[in-house]
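Report on the following structure.
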Amino acid sequence: MAAGPGMELGRLEYLQALVTEFQVTDSQEAKEQVLANLANFAYDPKNYEYLRQLQVLDLFLDTLTEDSETLVEFAIGGLCNLCLDKTNKDYILEANGVEPVINCLSSSNEETVMSAVTTLMYLTTPQSRQQTTALPVVECMLRFSLSANRRLSNLATVFLEDYCTPPQVEEARSLSKHTAVGIPLPKD
């Protein structure tokens, strides 16, 4: 059955209800469930305009600095889903979203780290490359590429091979021989 105009209005109203619930609830569990739902809705391009209208990108970006690892996991997952869209990508870049995404690389939550690496890939443009492939990020990816976690090591290897230049990787390798990076590997 094709979705008519009423269905679209229903979608916007439902998403608005989720955003409102996130903002007004005092229950951590409810916040986590709502944010997980919003991150899932962020996967569908049909929802992009509604999510922009409801400022969900800002909600996700703001949530990256929360103390709750679960909220951060869902927020970075939502951003990862949204940033494939050029308008969303541009918004995240203009909102200085790269730095909080980079900060997620130090999470002990594997899914948060995986989403952060993927998000950095999606956010890389000729204009943002200097920030998304900054030396500390490349050093971190070198460490992740050595992880026993195959998902993480494979993703980090793709990042290094497809988004970094050989001189960047070499510089990071030479520096990492002499310094402790300090970003712990996520727990399995």
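The values are calculated or read from the model by the stated rules, or taken from the named source; none is laboratory data. Just so it is clear, the model here is predicted, and its values are computed rather than measured. Here the Cβ is made from the backbone with ideal geometry for all residues, glycine too, and neighbour counts use every protein chain on show. The area values use the complete protein model at the heavy-atom level, side chains included, leaving out ligands, DNA and RNA. Shrake-Rupley method; radii C 1.70, N 1.55, O 1.52, S 1.80 Å.
Between the amide H of Asn109 and those of Lys187, distances stay under 5 Å, these residues lying 5 or more places away or on another chain, with hydrogens modeled in the peptide plane. Surface composition of the chain: carbon and sulfur atoms hold 52% of the protein heavy-atom accessible area at a 1.4 Å probe.
The distance between label points at Ser68 and Ala148 comes to 3.2 nm (points 7 Å beyond Cα on the Cα→Cβ vector). Taking Cα atoms only, the orientation of helix 69-82 departs from the longest principal axis of the chain by about 80 degrees. Ignoring aspartates and glutamates fewer than eight residues from Lys89 along the same chain, the ones with Cα atoms less than 20 angstrom from its Cα are Asp44, Glu49, Asp58, Asp62, Glu73, Glu99, Asp162. Looking at Asn37, Thr133, Asn81, which one has the Cα that reaches farthest to the positive end of the dipole of the chain (charges on Cβ: Lys, Arg +1; Asp, Glu -1)? Result: Thr133, furthest along the dipole toward the positive end. Give the residue list of GluC sites (Glu not before Pro) in the range 8-100 that are DSSP loop and have at most 16 other beta-carbon atoms within 10 angstrom. The qualifying sites are Glu66. In the chain, the longest principal axis of the Cα atoms and the axis of helix 166-176 are about 70 degrees apart. For the chain, report the % of Cα-Cα distances exceeding 25 Å. When all Cα pairs of the chain are counted, 37 percent exceed 25 Å. Per-residue extension of 0.36 nm, minus the Cα-Cα distance of Ser27 and Asp162, leaves a gain of 44.4 nm for this segment.
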